[in-house]
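So the structure is just underneath, and the comments pick up after that.
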Amino acid sequence: MLRIGIISDTHGLLRPQARSFLLGSDHIIHAGDICDPAILEELNVLAPLTAVRGNNDRGAWAHNLPEVAVVKLDQVAICVIHDLNELDLDPGTAGIRVVVSGHSHKPSAEERDGVLYFNPGSAGPRRFKLPISVGELIVAGNTVSERTVDLMRLG
């Protein structure tokens with residue numbers, strides 16, 4: 001069984017609660033709008049990291065990040081993209097089991113045609129009345145479960 005920590009839209013702020021939640025992950029995925037390369041360095045110390053570039057990621061450091069990444073963990077292929085509206089492939093046909101995205105700052109999890117679409121919400125500065133959250137995927141063989149956690153409830 002693998003625990004995949006999922007974070008997005010940090011916008012230059014890696015909260016201590018997010019770091020604590022991600023500690024112990026077997027892999028971490030950051031779905032873009034990182035805004036500070038130091039965050040990637042911190043996350044990479046915690047676990048192997050897959051990250052994509054968001055629309056607010058600018059500068060030379062960000063050009064090295066892909067816009068879309070696919071990572072296979074155990075028997076599950078995960079596609080990572082910042083803005084789900086920019087996904088230009090059929091995940092099911094491509095053998096993708098999970099699509100992780102960010103951008104909207106709204107946590108969501110929806111299964112459609114055998115594909116889990118998961119957005120952990122935003123872990124950075126609060127926007128509007130949306131929660132400050134992160135998520136995780138638990139992968140066992142070819143099965144996946146997800147969970148979103150409100151960081152303000154962690155203390």
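Here are some notes:
- Residues whose amide H falls under 5 Å from that of Leu116, counting only those 5 or more places apart or on a different chain, are Val98, Val99, with hydrogens built in the peptide plane.
- Residue with peak Gaussian network fluctuation, the chain [Cα springs, cutoff 10 Å], from Val76, Val134, Val52: Val76
- Across segment 110-116, rounded Karplus estimates of 3J(HN,Hα) from the backbone phi angles (6.51 cos²θ - 1.76 cosθ + 1.60, θ = phi - 60°) give 9, 9, 9, 6, x, 10, 8 Hz, Gly and Pro being marked x.
- Normalised by residue count, segment 21-95 yields a Cα convex hull volume of 100 Å³ per residue.
- Each principal axis of the Cα atoms in the chain has its own extent, and those three values, largest first, are 35, 33, 31 angstrom.
- From least to most packed, judged by other beta carbons within 10 angstrom and beginning with the fewest, Phe128, Phe21 follow the order Phe128, Phe21.
- Of His63, His27, His103, the residue with the greatest mean-square motion in the GNM of the chain, using alpha carbon springs below 10 Å, is His63.
- Sorted by Cβ density within 10 Å, fewest first, the residues Lys72, Lys106: Lys72, Lys106
- Of the residues Ile28, Ile34, the one with the fewest other Cβ atoms within 10 Å heads the list, and the complete ranking is Ile28, Ile34.
Where a number appears in this text, it was derived from the coordinates with a stated rule and is not lab data. Note that the structure is a prediction, hence the values are computed from the model and not measured. Neighbour counts are summed over all protein chains in view; Cβ atoms, including those assigned to glycine, are modelled from backbone coordinates with ideal geometry.
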